[in-house]
Every structure is written in structure tokens, then in C-alpha cells.
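Here the structure comes first, spelled out in C-alpha cells, and everything after it is commentary.
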Amino acid sequence: MQLDLSGRTALVTGSTQGIGAAIAAGLARSGARVAVNGRNTARVDEAVARLGQDVPGGRFVAAAADVTTEEGAARLADTLPDVDILVNNLGIFGARDPLEISDTEWRRYFEVNVLAAVRLTRTYLPGMTGRGWGRIQYIASDSAVVIPAEMIHYGMSKTALLAVGRGFAKQAAGTGVTVNSVIAGPTHTGGVEDFVYELVDRDLPWDEAQRVFMREHRPQSLLQRLIEPEEIAHMVVYLSSDQASATTGGALRVDGGYVDSILP
């Protein structure tokens, strides 16, 4: 299958590292011009340089802006007025005793993980529908379905993204624009290796350590290893392509079978 995104401009929020950077690289490999986003200008510039080395010939542009604020999103829209592919990847997470999560923290998780994506969708969806083509995606999580007791506020925000994706897909019905969510499972990102080695023997090689971790601490995973960020990116690139033109309003799983369900 040839996924050709030549002539398309993509914006990936929170793309200076981890899953977001992998998505940016995957889209660029398929020919898209990719706007790399983060709050810190220096980090964004470093990410653009790094991605340019990883993807020779890839087209990356710096798009530093704090999209969790109205002012930051407006500045981004001024510098990048039109995009064909919007990937709402930005998100925060952290463990907290459910009874100790303050009102302020509940609001912060909603504003960063949900409202920022809604704001950018409002910004870019009209242009997509006017041109008769577009792709919007929300990077959700298995925590949207299997709510973690230690991260209820995070799970709530990812569940909300599934609703947002379905709702905006209805808004875009019949326009040539598709809107989907991607449910990412336990993924090998920064800091995860340290977390794994807190729970398993530090003398084990990484491949074996992660399998022990998954077997003992995430036994519901059918993959029995952590997912690599590039594997999430593969789904995003496909959903961004013409080949995915009949897939919209969905919540597609890249979770290694973590969610115990036979339906997406």
C-alpha cells in the first residue's frame, strides 16, 4: 500500500518527543510537510533539526506555541493558517490519589488534554471542509476505556476525547473530512524504562525486562511487550491517507490487545 501525502500540510501537537515526534517523522516519510509543535522555541527548533536528520528529505517547520491557551492557539493559526492533517497528540499524565486531585488539577487535565484539541479543531475544520478534504485525529489511550484508579483524571480526559472525535465526525459528515481517535496502549516513551526497572530486576536486558513487566504488571496485554511510538505512528499515517477515506467517527486501537473487547 502506497501512502502518499505529498502536497499535504500536517500539524502534530506536542511533537518534540515521544509519540508525537514519531508521528511527525511518519507523516514526513509519506511526503507531508509537517509542523512540529511545542511550547518552547528552542526545544521545537532542536526537534526540527533532529527529525530532519532522521528523515532525510523530510519537510519540517517549527510551530512553537502553547496551544493550551487561546492566545497561543491564535498565534499558531496566524503562522500556520491552513492544515490538511491535524493530529491532536498533546497530553499530560500522572498518578495521583483520586481523593487528592484538586479542582484545579481536574480543570488542568481537561484544558490541556481536551480543550486544546477542541480549540484547534474549531480553528482548522472550517478550512478543511471548505477545501473538501481533511484529516483530524485525537491520540487517546487505553485509559479512556480501562480507567486507571491512580489516574482517574487522565482517564476522564481521554474518554472525553473519544466523545469529541465522534461528535466532530458528525459535524464533518459528507464534507470529505474524516475525524477519528487512536487508542494507544502501553507505549515505550521517555521515562518508561526507568519505571519498568523500578518493578523488575535491573540486571535483565531491556527486551526481557519489558516482557517480565508486561507479564506481571500488564497481563491483559496480548502483545506482551510495550508498543513502540512508531507503531502508533503507522496507524496515524494510514488514517491521514486517501486510503482511509471511508474510516471516520471511529476509535481505532493500537493497544496490543490491552482493552478486553472485540469491538474497536
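Phi-derived couplings, Karplus 6.51 cos²θ - 1.76 cosθ + 1.60 at θ = phi - 60°, listed residue by residue for the stretch 54-70: 6, 10, x, x, x, 9, 10, 10, 7, 9, 6, 5, 8, 6, 7, 10, 4 Hz, with x used for Gly and Pro. Residues whose amide H lies under 5 Å from that of R253, counting only those 5 or more places away or on a different chain, are I183; hydrogens are built 1.01 Å from N in the peptide plane. Across the stretch 216-221, rounded Karplus estimates of 3J(HN,Hα) from the backbone phi angles (6.51 cos²θ - 1.76 cosθ + 1.60, θ = phi - 60°) give 8, 10, 9, x, 6, 5 Hz, Gly and Pro being marked x. The label-point distance for T247 and F110, in a model that sets each label 7 Å from Cα toward Cβ, rounds to 3.1 nm.
Computed from backbone phi, the HN-Hα couplings of the stretch 112-117 come to 6, 7, 10, 5, 4, 5 Hz, rounded to whole numbers (Karplus: 6.51 cos²θ - 1.76 cosθ + 1.60, θ = phi - 60°; Gly and Pro given as x). Each of Q171 and R211 was given a label point 7 Å from its Cα along the Cα-to-Cβ line. The distance between the two points is 4.6 nm.
Proximity of backbone amide H atoms, modeled 1.01 Å from N, is registered between A35 and A10, L11, V12, V61 at under 5 Å, excluding neighbours fewer than 5 places apart on the same chain. Around the amide H of I227, modelled in the peptide plane, lie the amide H atoms of T187, H188, all under 5 Å away and 5 or more residues distant in sequence or on another chain.
Over the chain, the hull volume per residue, using the convex hull of the C-alpha atoms, is 137 Å³. Rounded to the nearest 10 degrees, the angle from helix 18-29 to the longest Cα principal axis of the chain is 40 degrees. The modelled label-to-label distance between Q2 and A74, using points 7 Å beyond Cα along the C-beta direction, is 4.5 nm.
Any read-out appearing in this document is the output of simple, stated calculations on the displayed coordinates, not a laboratory observation. Every value quoted in this text rests on a predicted model; they were computed, and no experiment measured them. Because the Cβ atoms are built from the backbone with ideal geometry, glycine has one as well, and the counts that use them run over all protein chains shown.
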